[in-house]
Amino acid sequence: MGRVTERRRTIRVRDGAVSVRPDTLVSEEPMEIRLNGRPLAITMRTPGDDFALAAGFLVSEGVLGAAEDIRSIVYCAGAEPNPSLEAPGGGANTYNVVDVQLAPGVPVPDITLERNVYTTSSCGLCGKASLDAVRTATRFPIGGASSLAPPLRVEPALLARLPGRLREAQRVFDRTGGLHAAALFSEDGDMLDIREDVGRHNAVDKLVGRALREGMLPLSRMILLVSGRASFELAQKAVMAGIPVLAAVSAPSSLAVDLALETGLTLVGFLRGPDMNVYAGEERIALPSWV
C-alpha cells in the first residue's frame, strides 16, 4: 500500500548558497473506484483511508445513505501483471483499485460513459441542471425544519477559532506543505475528525465515508471546515451528507453560492480569525444586527 509521504532529491538555494538534500513530499497516486465490479471513477489521492474515500464518494453521488447499504469494500487487482503480487482478477494488487459491493436491494445506478467521464475528471456537474439534481437527490435535506431539535445557531467567535485548530492538526502538511485538509466540528466547536489529501474533495469524501461507516449520517448538526476554497463540488458533498454549515478559509465559487441558496446550506468564506463572509444561510450564524 502506498505511503502518505515520499522522499525525493532536491537542490536547495537559500541566500545564494546551494545544497543537495532529500525533501519530504506528499504521495499522490490514482485510485479507481469500482461499483459491483464495474469501473465508476478515478481520482488522484493521497493513499490512506481508501475505503472511506470510496464510501464518501458514493454518498456524494447519491448511491449510499447508510452503512447497511454496503455489502463489502475490498482492494482488488489492477491491470498490471505481477506474479509476486497475484490477486483475484489476474493482475497485481497495487492497492489502487477499490471495489464497493452494494447490499442486496440497494439500487445500482446506471454507469454510463458520460457519468464515468465527469466523475473521473473531478469536474463535477455544471449549471442549473446540477443544482436541481443535488436538491432532489439528497437523502438528507438541510433547508427545512424536519427535526424536533432547536435550530442550529453558531456564534461567530466559535467559527473564528476553527481555522487555527484545523491548522494545528495538519500533521502531514507540517512535513510536506502540500496537502488540503477538511475537518468536522460539533456545534460546540469540538473537532470530531480531520482528513488530509492532495485533493480537497478527497479529504471531504474521507470524512463523510468514515461517518457513514460509523452510522453517523446525516451530519445534521455539524460544521465542515475546508482549508482552501469552497467549490461547487464541496458544497455538493456537504449537502449530500446533510451538513448544514460549510466554512472555508478562502473564497467560494459562484456556483457554490447558488447551490447553498438553493438547498439551505450555510456557506461561509474567507474565514480568517474574526473576519468572515457569509454568502448564504445567515440564519444559522448568530450575527449582531447590522440595521
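Rounded to whole numbers, the Karplus 3J(HN,Hα) couplings from phi for segment 238-251 are 4, 4, 5, 8, x, 7, x, 10, 10, 10, 9, 7, 10, 7 Hz, using 6.51 cos²θ - 1.76 cosθ + 1.60 with θ = phi - 60°, and x at Gly and Pro. Near Met44: Cβ cut-off under 10 Å, other residues only, Lys/Arg at +1 and Asp/Glu at -1. The net charge is -2.
Going through segment 252-291, which chymotrypsin sites (Phe, Trp or Tyr not before Pro) have at most 12 other Cβ atoms within 10 Å and a DSSP loop state?
In loop regions of segment 252-291 (DSSP not H, G, I, E or B), the sparsely surrounded chymotrypsin sites (Phe, Trp or Tyr not before Pro) are Trp290.
Taking a ≥ b ≥ c as the square roots of the eigenvalues of the Cα gyration tensor of segment 156-284, is the shape rounded (a/c under 1.5), prolate (a/b larger than b/c) or oblate? Verdict is rounded for segment 156-284. With a cut-off of 14 Å between beta carbons, the residues surrounding Ala286 carry a summed charge of -3, where Lys and Arg count +1 and Asp and Glu -1. Once the Cβ-Cβ distance of Thr24 and Arg272 is raised to the sixth power relative to R0 = 25 Å, the FRET efficiency obtained is 0.35. Rounded to the nearest whole Hz, the Karplus-based 3J(HN,Hα) values (6.51 cos²θ - 1.76 cosθ + 1.60, θ = phi - 60°) of segment 267-277 follow the sequence 10, 10, x, 6, 7, 9, x, x, 8, 6, 10, with x at glycine and proline. Less than 5 angstrom separates the built amide H of Ser227 from those of Ala181, all sequence-distant by 5 or more or on a different chain. Annotation: amide H-H contacts under 5 Å for Leu40 (H modelled 1.01 Å from N, sequence separation of 5 or more, or interchain): Ile33, Arg34, Leu35.
Residues Ser186, Ser220, ranked from the fewest to the most other C-beta atoms within 10 Å, line up as Ser186, Ser220. From least to most packed, judged by other beta carbons within 10 angstrom and beginning with the fewest, Asp110, Asp69 follow the order Asp110, Asp69.
Rounded to whole numbers, the Karplus 3J(HN,Hα) couplings from phi for segment 41-57 are 7, 10, 10, 8, 8, 8, x, x, 6, 5, 5, 5, 4, 5, 5, x, 4 Hz, using 6.51 cos²θ - 1.76 cosθ + 1.60 with θ = phi - 60°, and x at Gly and Pro. Under 5 Å between amide hydrogens, built in the peptide plane, is the criterion, and for Ala286 it picks out Val154, Glu155 among residues at least 5 positions away or on other chains.
Values quoted throughout were computed directly from the atomic coordinates according to the rules given, and no laboratory measurement underlies them. The structure displayed is predicted, hence computed values, not measured ones. Here the Cβ is made from the backbone with ideal geometry for all residues, glycine too, and neighbour counts use every protein chain on show.
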